[in-house]
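Visitor: Attaching a single structure in structure tokens format; questions to follow.
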Amino acid sequence: MFAADDEVGRDLAAVEWAATPLGTPDGWPPSLRTTVSIMLSSRFPMWMAWGPELTFFCNAAYRRDTLGRKYPWALGRPASEVWAEIWGDIGPRIEAVLSTGQATWDEALLLFLERSGYPEETYHTFSYSPVRGESGDVLGMLCVVSEETERVVAERRMAILRDLGSDPSVVRTEQEVLAFASRQLAKNLRTLPFTLTYLFKDGHARLASTSGMPDEHPAAPASFPIRDPGAVWPAAVLADGGSAMVELVGEPYSALPSGAWTERPAQALAVPLQRQGGTPYGFVVTGLNRYRPFDESYRGFIELVAAHLAAGIASARNYEAQQRRAEELAELDRAKTAFFSNISHEFRTPLTLIMGPVDELRGRLADDDARTAEELEVIRRNGLRLSKLVNTLLDFSRIEAGRMRARYEQVDLARFTADLASVFRSAVERAGLTLAVECPPMDRPVHVDRDMWEKVVLNLLSNAVKFTFDGSITVSVRATETHAVVTVADTGIGVPADELPRLFERFHRIANARSRSNEGSGIGLALVRELVALHGGTITADSVEGAGTTFAISLPFGTDHLPLDSLEPATRGTAVSPASSRSCRRRCAGCPPTTARRRRSWRARGARARARGCWSPTTTPTCGSTWSGCCPTPGTRSPRWATAGKPSTRSARPCRTCSSAT
């Protein structure tokens, strides 16, 4: 019978059975001998009790997993003596099996076993089954058991770590991180009966959060010096990166909370909140479950908790630093916008005062000295260039300040874009390039601000001319189901792949890019993107270095994406916006003066303007102005000032300067 297991069988054979109620083994009934043999030969943990005192038997698997220090003392003793500490839990179950003959079942039942010299938190899944004698009466009980302690404890710890790492989207500040962690730790006070989190600041350890600890407890001071040798917690060791085990004996530890248990912790482990490449952020004190052994897995779990806290603090501080940085950048951006707005206004006044006399001198000295006329033209051209930059900066400042007021009206986008592109035809052809305009009519209108759209198209075309040395520039318009798509493509130098993401950044210029001139401030494309965004559209760029660049603008049909108070009724007239008229008026030597005094002398200069060839025959107005005094449309009466006081009806005669200065 005992030979079924060499080790436990040998120890069972050594028991003085004659002193027990069962007597010597040779007098045992066959049912008992058979049950003991089955139990010993099984590799699953089992123990059994037989007879009036429920004499204890077990096999090797049960000895290994559950019995602990009680082996071999427990063999042959009454079961109530072997498991005296838990008899209140298992005694009624055994009694029920003996009296009813019905088996029991318990899953992960908490039992405090004193198998290691202290009450130990353990969990067991087991069944008590009746064992019958030859007469059919229940004479004993067989227990088949599986200890679940490691699984239950591991799942509990894993749940804490999972909760600590959950829902980080709502956690932003350092205090929110610690408050969130405290709530998670407080959900399971069996594993960590209490925690205290301290952060280092100005030579002190300051209490930041707690779990399971009552307010103003003497063991949780709000602040204390890090190097104080008499401090409640060894902050000096923790500030140097070490950890410390603290025995919770005497004051101020006598009234510590017990968490989910009946007795308070006997020890606490303090571990630092490590900072990568620096001194710790602080430390966390964790009360230890006195019913579990403090082993490497327990220490590792606490270190993982500390790592979660440290990572959360680092993330919060990085977020706060980014917020401060973003606020500083926003303030800097606001100051920069205000500066550009102010400086642009300051530039505009002297520019106006410069350009007026320059135009007077050009008209007066054009026939006197060719060199002087050429130098005045250089002054004028650069003045116009500076004026364009000032106007662009003003546009940017208005957009940044939210003062850019768009007036959206229904337009034939294909025709409007084609007319704008035709303004560049002479410049493109003088550069030795080909301009292809593919703008078939669309069956649905688009709402745009004419001035803004003109700036968008002309900026893209001027960029294309500037960076294209051979080949062509193509402007096309097409309709999709929901959007109108305008494309400006060139066969120029292209954009390096690493520069494409920054192409629309303000003031960004590609270093050492080959171009027709070194002009530019790096805000043209940034302004284009902002203006397109005001229309509810998007702009993208696709480029291959050395092969060319394509810009695609997508504008939604309809008005749902536009503010209602910015919509204008549809107007008749040419497609080109009145902005062209104003531009033409400033540039054309044959346009009317802006003051009464200058207007009196303008008629005398009208003949000279025509003699210089300002009016040249054509059938299509290049600048497409709708203003009644500039570049009249076919068949209209030319204004009096344009013919030195002699009204006449003539065909359209666009300003040569308009086309050359575009």
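Visitor: Restricting to region 69-107, count the residues that are within 12 Å of PHE56 (Cα to Cα), free of Cβ contacts under 8 Å to residues at least 60 places away in the same chain and open to solvent by 40 Å² or more (accessible area, probe 1.4 Å).
Guide: 4
Visitor: Test of understanding: among ARG299, ARG290, which residue is part of a loop (DSSP other than H, G, I, E, B), open to solvent by 20 Å² or more (accessible area, probe 1.4 Å) and out of contact with any His (no Cβ under 9 Å at 6 or more places or on another chain)?
Guide: One residue alone meets the criteria, ARG290.
Visitor: What number of residues within region 525-544 satisfy the criterion of being within 21 Å of ARG509 (Cβ to Cβ), free of Cβ contacts under 8 Å to residues at least 60 places away in the same chain and open to solvent by less than 60 Å² (accessible area, probe 1.4 Å)?
Guide: Residues that pass the stated criteria total 3.
Quick grid of which residues meet (1) surrounded by fewer than 20 Cβ atoms within 10 Å (Cβ to Cβ); (2) closer than 25 Å to SER297 by Cα; (3) of a type outside the set (Gly, Ala, Ser):
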position: ARG172; (1), (2), (3): yes, no, yes
position: ALA179; (1), (2), (3): yes, no, no
position: ARG183; (1), (2), (3): yes, yes, yes
position: LYS187; (1), (2), (3): yes, yes, yes
position: ARG190; (1), (2), (3): yes, yes, yes
position: LEU196; (1), (2), (3): no, yes, yes
position: ASP202; (1), (2), (3): yes, no, yes
position: ARG206; (1), (2), (3): yes, no, yes
position: PRO218; (1), (2), (3): yes, no, yes
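Visitor: Here are some conditions: (1) farther than 27 Å from ARG190 by Cβ; (2) touching a strand residue (DSSP E or B) at 6+ places or on another chain (Cβ under 9 Å). THR286 meets all but one. Which one does it not meet?
Guide: Evaluating THR286 over (1) farther than 27 Å from ARG190 by Cβ; (2) touching a strand residue (DSSP E or B) at 6+ places or on another chain (Cβ under 9 Å) leaves (1) as the failure.
Visitor: Taking region 360-397 on its own, how many of its residues are under 25 Å from SER462 (Cα atoms) and among the acidic types (Asp, Glu)?
Guide: Let us first name the residues in region 360-397 that are under 25 Å from SER462 (Cα atoms), namely 374-397.
From what's left, among the acidic types (Asp, Glu): 374-375, 377, 395.
Within region 360-397, residues that are under 25 Å from SER462 (Cα atoms) and among the acidic types (Asp, Glu) number 4.
Visitor: I need the full set of residues from region 312-342 which are free of Cβ contacts under 8 Å to residues at least 24 places away in the same chain and in contact with a strand residue (DSSP E or B) (Cβ under 6 Å, 6 or more places away or on another chain), in order please.
Guide: None; the set is empty.
Visitor: May I ask you to verify whether LEU555 is at pLDDT below 85, hydrophobic (A, V, I, L, M, F, W, C) and not in a loop (DSSP other than H, G, I, E, B)?
Guide: no
Visitor: State yes or no: is ALA159 under 29 Å from the mean Cα position of the chain (by Cα), open to solvent by 30 Å² or more (accessible area, probe 1.4 Å) and among the hydrophobic types (A, V, I, L, M, F, W, C)?
Guide: On the way: under 29 Å from the mean Cα position of the chain (by Cα): yes; open to solvent by 30 Å² or more (accessible area, probe 1.4 Å): no; among the hydrophobic types (A, V, I, L, M, F, W, C): yes.
No; evaluated as a whole, the condition is false for this residue.
Visitor: Now, a different point. Search region 188-204 for residues that are basic (Lys, Arg) and pair each with any residue that is part of a strand (DSSP E or B) when their beta-carbon atoms are under 8 Å apart and the residues are at least 6 apart or on different chains.
Guide: Listed by first residue and then by second, the contacts come to ARG190/GLU121.
Visitor: Right, something else. Can you tell me which residue within region 1-18, out of those that are part of a helix (DSSP H, G or I) and touching a residue at least 24 places away in the same chain (Cβ under 8 Å), is most open to solvent (accessible area, probe 1.4 Å)?
Guide: Pass one, region 1-18, residues part of a helix (DSSP H, G or I): 2-4, 6-13, 17-18.
With touching a residue at least 24 places away in the same chain (Cβ under 8 Å) added as a condition, the list becomes 2, 4, 7-9, 11-12, 17.
Details: PHE2: 33, ALA4: 48, GLU7: 82, VAL8: 1, GLY9: 2, ASP11: 43, LEU12: 0, TRP17: 8 Å².
Going through the qualifying residues, I end up with GLU7.
Visitor: Continuing with the same structure: If you go through region 47-59 one residue at a time, do you hit one that is within 27 Å of PRO293 (Cβ to Cβ) and open to solvent by 50 Å² or more (accessible area, probe 1.4 Å)?
Guide: Kept after step one, since they are within 27 Å of PRO293 (Cβ to Cβ), are these residues of region 47-59: 47, 56, 58-59.
With the extra rule that they be open to solvent by 50 Å² or more (accessible area, probe 1.4 Å), the set shrinks to none.
No, every residue in region 47-59 fails to be within 27 Å of PRO293 (Cβ to Cβ) and open to solvent by 50 Å² or more (accessible area, probe 1.4 Å).
Visitor: Inspect all residues belonging to region 127-143 and state whether any of them is assigned to a loop (DSSP other than H, G, I, E, B), over 17 Å from ASN188 (Cβ atoms) and open to solvent by less than 50 Å² (accessible area, probe 1.4 Å).
Guide: yes
The values are calculated or read from the model by the stated rules, or taken from the named source; none is laboratory data. In this text the structure is predicted, and so the values were computed from the model without any measurement. Because the Cβ atoms are built from the backbone with ideal geometry, glycine has one as well, and the counts that use them run over all protein chains shown. Heavy atoms of the whole protein, side chains included, go into the accessibility calculation; ligands, DNA and RNA do not. Shrake-Rupley method; radii C 1.70, N 1.55, O 1.52, S 1.80 Å.
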